[in-house]
Amino acid sequence: MSKYVRTVGVVCILSAAFCCDALVPRAFGLAESTQSGGSNTVAVHQLGETGEGVNIGLILARNVRATHEAFTDSNGLPHAFNYDFSGDGNAISSHDTQLAGIISSRGGASYPDDIGVAPGADIYCARVADNDDEIDPSWLDGALKELVLTHNCRVVVTGFELTGLTPDGDNPWTMLYDYYAYEHNVVFANAAGNRNTYVSVFGDAYNGITTGGLRLNDPNNQYEYRRVGLVSGTGPTTDGRRKPDLTAPAQNQTVPTSSSDTAWTTVGTTSGQTSYSVPHTAGAAALLLGLADETAEPNDNQSEVIKAALVNSTMPNIDDKDGVQTNPADSNNTWQADRGYGRLDVLKAYLLLDSNEIEPDVNVTANSGWGFGRISPGQMEVYTISVTERCRLIATLTWQRRVRWIDNNPHNGLIEPSELTAYLADLDMLVYAPNDVNAVFSEDAFGLSTSDNLEKCDIRLDAAGEYTIIIENNSTNGETADYGFAFELHPVLTGDLPPYDYSVDYGDIATLSDDWLAGDSPLDELLILNGVVDFGDFAEMAPSWLQSDPYYHQEP
């Protein structure tokens, strides 16, 4: 296979992590991009989780400055390690060092608060591009073997884009990633890329988590990332799949750089470069895997479950590149081409995964949970969720594309592009309200592509009762698939009356007043259930007065 030229300066993503020798969380990290208005990682550190014991692999054009203070503990022990597969030797890059820092920085003498997303993890960095910025498939395969098989890297991130290929999921480079993800249970954190109008190679992978880049929506507010940056890759993929999956902070992050072992800089602009957003996703996966290592649950470390938890927990109320609100309260807008399913929220994902695994055919009374299963063609799994009050049901189903390798060109142990074949199962998630034979959510009802291997619903439930979520395998090609499943019941504000705007304000007062002292008003079912609209309903509304739900409320 011929080599492909890398475009210098155009970057995708990077993954890293380093061990935090004092696992006591600090107040801030990376210029506040890890706070609640960013990836919401600091809150997970405060729970004691740092990703310790999880190895993260970086596929890079060069190497990181492994001796930097950000990657060295107080005893002088390193937690970043470099390897070269290009044949041109190790070569340090500022860009690659910065990416690694977002994932795993432990801070520095003058930068004690700039810690990364997963400061307890170790990072293994593999250079796969030569001095001419060319890459050979055998170098990439060798790097993946080293990182995954030798060093047990369970998360892999890439620090460059490839040009000259169609990002349709079927190019040989993406197929190779999907093979390792499927065969070795690896979480691939892939960038949407910086091509603005389309998702780039690696970001088009079926089995990875594709991340776009967020800017600060207000340049005077250093804490709130609510708008997609201009260069972040917009979906869907060229073959019509819903990518990116999520977005993460890309602007104004203070990170280690390569000019010395104590050099730091601030990177990321309003463009939303995905090199600086994808490390958040990689670090988030490491934190969730760190949690999985500490539990007795047998399946919470499955890559399908990690992906389902991260995607299900996103904050959807993110503006597009033009600053236009994306109205996620409309269930048809659960996915949007710029923001994917929303902004990464590591704390929500962590708490979701920290719940018990739910089982089919068992009535689930919890407000959140996750599941893992294996389903054959023609079979279905049935989950029953008890809903006690008005809420939104957020549920995510994901499964992997199976990629098979047959070593026959010749039997040399190297994965050649012609030796990979992909097979995709056709799964569907259907949601049924109580006593309703028609699905309120399904692939057909919402016009989802059968090529996707992720489905997410975010629908309003106005009636209490037992809701049924069915996962079925409609494959006609005989494909059996493992799947990850996650759900959450998101509460709706008391006093938010039709027409719903996810804010309790004078509009709701006007609606309530229209039915003043009316008996058997349908509105009363939303409040105190005493059969008449009266002062008791106003009292019930009062605690929510002038509150709004940040996940769905659109500013006028």
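Going 7 Å from the Cα of THR262 along its beta-carbon direction, which residues of the stretch 77-121 have the amide nitrogen within less than 16 Å of the resulting point?
The answer is 107-113.
Lys/Arg Cβ at +1, Asp/Glu Cβ at -1, dipole of the stretch 26-143 taken about the Cα centre: which of HIS45, ALA126, GLY57 is farthest positive-ward?
Result: HIS45, furthest along the dipole toward the positive end.
What's the FRET efficiency of VAL362 with ASN332 using the Cβ-Cβ distance as r and R₀ = 30 Å, to the nearest 0.05?
0.45
Starting at the first residue of the stretch 250-264, write each ³J(HN,Hα) from the Karplus equation 6.51 cos²θ - 1.76 cosθ + 1.60 with θ = phi - 60°, in whole Hz, x for Gly and Pro.
These are the phi-based 3J(HN,Hα) values: 10, 9, 6, 10, 8, 9, x, 9, 8, 5, 7, 6, 10, 7, 10 Hz.
About its Cα centre, how strong a charge dipole does the stretch 81-140 have in debye, to the nearest 20, once Lys and Arg get +1 and Asp and Glu get -1 at the Cβ?
380
Can you give me the Rg/Rh ratio for the stretch 255-410, using Cα atoms for both radii and the Kirkwood formula for Rh?
With Rh from the inverse mean 1/r over Cα pairs, Rg/Rh is 1.04.
Can you tell me the dipole magnitude for the stretch 494-556 around its Cα centre, using point charges on the Cβ only (Lys, Arg +1; Asp, Glu -1), in Debye to the nearest 20?
100
At what distance in angstrom do the alpha carbon centres of the stretch 182-197 and the stretch 230-256 lie from each other?
After rounding, the separation between the Cα centres reads 10 Å.
Given only helices, namely DSSP H runs of n ≥ 4 each adding -39500 (n - 2.57), what is the per-residue ellipticity at 222 nm of the chain, to the nearest 500 deg cm²/dmol?
Per the formula, -4500 deg cm²/dmol.
Scan around ALA91 for amide H atoms under 5 Å from its own, H built in the peptide plane at 1.01 Å from N, and keep only partners 5 or more places away or cross-chain.
Placed amide hydrogens put ASN63 under 5 Å from ALA91.
With the Cα gyration tensor of the stretch 494-556 in hand, give its eigenvalues times 5 under a square root as the equivalent ellipsoid semi-axes, listed largest first in whole angstrom. Each step should come with its number before you reach the end.
Values: eigenvalues 89, 23, 18 Å².
The three semi-axes for the stretch 494-556 are 21, 11, 9 Å.
So how long is each side of the chain along the principal axes, counting just the alpha-carbon atoms, biggest first, in Å?
Here the Cα extents, ordered largest to smallest, are 81, 57, 44 Å.
Cβ neighbours within 10 Å, averaged per peptide: list 64-70, 412-418 in order, most packed at the top.
64-70, 412-418
To the nearest 0.05, how large is the calculated FRET efficiency for ASN220 and ASP322 if R₀ is 25 Å and r is the Cβ-Cβ distance?
E between ASN220 and ASP322, to the nearest 0.05, is 0.80.
Could you state the number of Å between the C-alpha centres of the stretch 472-519 and the stretch 288-314?
Rounded to whole Å, the Cα centres lie 26 Å apart.
Taking 7 Å along the Cα-to-C-beta vector as the label spot, tell me the ASN75-GLU389 distance in nanometres, rounded to one decimal.
The modelled label-to-label distance comes out at 5.0 nm.
Subtract the Cα-Cα distance of ARG374 and ALA518 from 0.36 nm times their separation in residues, and report this length gain in nm to one decimal.
46.6 nm
Using a simple charge model, +1 on the beta-carbon of Lys and Arg, -1 on the beta-carbon of Asp and Glu, nothing else, what dipole does the chain show about its Cα centre, in debye to the nearest 20? Mind showing how you got there, number by number?
Details: 29 positive and 78 negative charges, 363 e Å.
For this selection, approximately 1740 debye.
Based on the alpha-carbon gyration tensor of the stretch 433-518, what equivalent-ellipsoid semi-axes (square roots of 5 times the eigenvalues) come out, in whole Å, largest first?
Working from the Cα gyration tensor, I get semi-axes of 37, 14, 12 Å.
What list of ³J(HN,Hα) couplings, whole Hz, do you get for the stretch 357-366 from phi and the Karplus terms 6.51, -1.76, 1.60, once you set θ to phi - 60° and write x for glycine and proline?
Whole-Hz 3J(HN,Hα) from phi for the stretch 357-366: 5, 9, 10, x, 6, 10, 5, 9, 9, 6.
Going toward the positive end of the dipole of the stretch 407-556, with +1 on Lys and Arg Cβ and -1 on Asp and Glu Cβ, which of THR480, LEU517, VAL440 do you reach last?
Positive-end residue among those listed: THR480.
Karplus couplings for the stretch 490-507 from phi (6.51 cos²θ - 1.76 cosθ + 1.60, θ = phi - 60°), rounded to Hz, Gly and Pro as x?
8, x, 9, 4, 5, x, 7, 9, x, x, 5, 10, 6, 8, 9, 8, 5, x
Would you kindly work out the equivalent ellipsoid of the stretch 14-333 from its C-alpha gyration tensor and give its semi-axes, the square roots of five times the eigenvalues, largest first in whole Å?
Working: eigenvalues 126, 112, 76 Å².
They are 25, 24, 20 Å, listed from largest to smallest.
Angle between the Cα long axis of helix 303-312 and the longest principal axis of the chain, 0 to 90 degrees, nearest 10?
Tilt relative to the chain: about 50 degrees.
Multiplying the sequence separation of ALA539 and GLU146 by 0.36 nm and subtracting their Cα-Cα distance, what value in nm do you get?
Answer, rounded to one decimal: 135.1 nm.
Could you check the spin-label model distance between LEU47 and THR67? Points 7 Å from the Cα along Cα→Cβ, value in nm.
3.9
Calculated FRET efficiency, TRP405 and SER449, Cβ-Cβ r, R0 35 Å, to nearest 0.05?
Working: r = 26 Å, r/R0 = 0.75.
E between TRP405 and SER449, to the nearest 0.05, is 0.85.
Can you compute the radius of gyration and Dmax for the stretch 36-135, using only the Cα atoms, both in Å?
14.3, 45
Can you classify the stretch 142-266 as rounded, prolate or oblate using the Cα gyration tensor, where a ≥ b ≥ c are the square roots of its eigenvalues, rounded means a/c under 1.5, and otherwise it's prolate if a/b beats b/c and oblate if not?
It is oblate, given that a/c is not under 1.5 and a/b is not larger than b/c.
So for the pair ASN196, ASN299, with labels modelled 7 Å out along Cα→Cβ, what separation do we get in nm?
About 4.5 nm, to one decimal.
FYI, it's all coordinate maths here, none of it is from the lab. Please read these numbers as outputs of a predicted model, since none were measured by experiment. Cβ coordinates were reconstructed from backbone atoms using ideal geometry, including for glycine residues, and neighbour counts include every protein chain displayed.
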